[in-house]
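A short write-up of the structure that comes next.
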Amino acid sequence: MVIEEMTAFLEVPDAEKIVIDFYERMRKYGCQVISILQKYTSLLEAHPSVAKAIIGNSMALMLLRNVDRRDLDGLSEFLPLPEVIKDKITSFPLPSEMKGSPEAYAGFVWVRQTGERPMFTVGRNYLSEEVMAITEASADSFETKRKALLHERRMQMGLSRNGDAVPVS
């Protein structure tokens, strides 16, 4: 289950109770709860019980680029982030600044909370040229890419443009 824009979701009546319940119980049903938010301190200030439930019941967290050191300090109240990890998170380059470079990546810190103390792994997510080609879209290219993808699927299934079977070698 993904809760996109957690702070906006919390404006829904009883959302705070719902989120706390999800984080406390859904794991036993084999469900992963994923929450996406921009500023942890905003969540902490407005909904401290939700913030505590998220950190306290999460086995892993993925922390992306964040240049707001105060936000990381706020998160450190519940998750002891070493200074070297905070430094790394604040210094990740923007992938858009590396556009066109084969070395372009998005940096992240993976936090595993399953042992006695959290374990931190710094990583880089590289996108292949193929993924960049299919995800980069403009109004002009979207329809062309959609038609090409549809054509490729039909060919793989052995169908012509009108749905008739075509010989496949």
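The values are calculated or read from the model by the stated rules, or taken from the named source; none is laboratory data. Since the model is a prediction, treat every value here as computed from it, not as a measurement. Glycine also receives a Cβ, built like all others from the backbone with ideal geometry; neighbour counts cover every protein chain displayed. These area figures cover heavy atoms from the full protein model, side chains too; ligands, DNA and RNA do not enter into them. Shrake-Rupley method; radii C 1.70, N 1.55, O 1.52, S 1.80 Å.
Of a type in the set (A, V, I, L, M, F, W, C), at pLDDT below 80, within 30 Å of Leu64 (Cα to Cα) and surrounded by 12 or more Cβ atoms within 10 Å (Cβ to Cβ) - does that describe any residue in the stretch 119-128? Checked against the condition, which is being of a type in the set (A, V, I, L, M, F, W, C), at pLDDT below 80, within 30 Å of Leu64 (Cα to Cα) and surrounded by 12 or more Cβ atoms within 10 Å (Cβ to Cβ), the stretch 119-128 yields at least one hit.
Please list, ordered by residue number, the helices (runs of 4 or more DSSP H) wholly in the stretch 1-60 having 3 or more residues that are free of Cβ contacts under 8 Å to residues at least 12 places away in the same chain and surrounded by 11 or more Cβ atoms within 10 Å (Cβ to Cβ).
Numbers: elements: 6-9, 15-25, 40-46, 48-57.
Result: 15-25.
Taking the criterion of being at pLDDT 90 or above and among the β-branched types (Val, Ile, Thr), the only residue of the stretch 35-66 that qualifies is Val50. Among residues of the stretch 72-85 that are within 10 Å of Ile55 (Cα to Cα) and in contact (Cβ under 8 Å) with a residue 12 or more places away in the chain, those with a beta-carbon under 7 Å from a residue that is open to solvent by 10 Å² or more (accessible area, probe 1.4 Å) and in a loop (DSSP other than H, G, I, E, B) at least six positions away or on a different chain give the pairs Leu75/Leu81; Leu79/Pro118. Given the condition under 26 Å from Arg117 (Cβ atoms), among the acidic types (Asp, Glu) and open to solvent by less than 30 Å² (accessible area, probe 1.4 Å), answer yes or no: does some residue in the stretch 71-83 qualify? Checked the stretch 71-83: at least one residue is under 26 Å from Arg117 (Cβ atoms), among the acidic types (Asp, Glu) and open to solvent by less than 30 Å² (accessible area, probe 1.4 Å).
Restricting attention to the stretch 86-113 and to residues that are within 17 Å of the chain's Cα centre (by Cα) and among the aliphatic types (A, V, I, L, M), the residue that is most open to solvent (accessible area, probe 1.4 Å) turns out to be Leu94.
Taken across the stretch 60-83, residues that are touching a Leu at 6+ places or on another chain (Cβ under 8 Å) and small (Gly, Ala, Ser) do occur, with at least one present.
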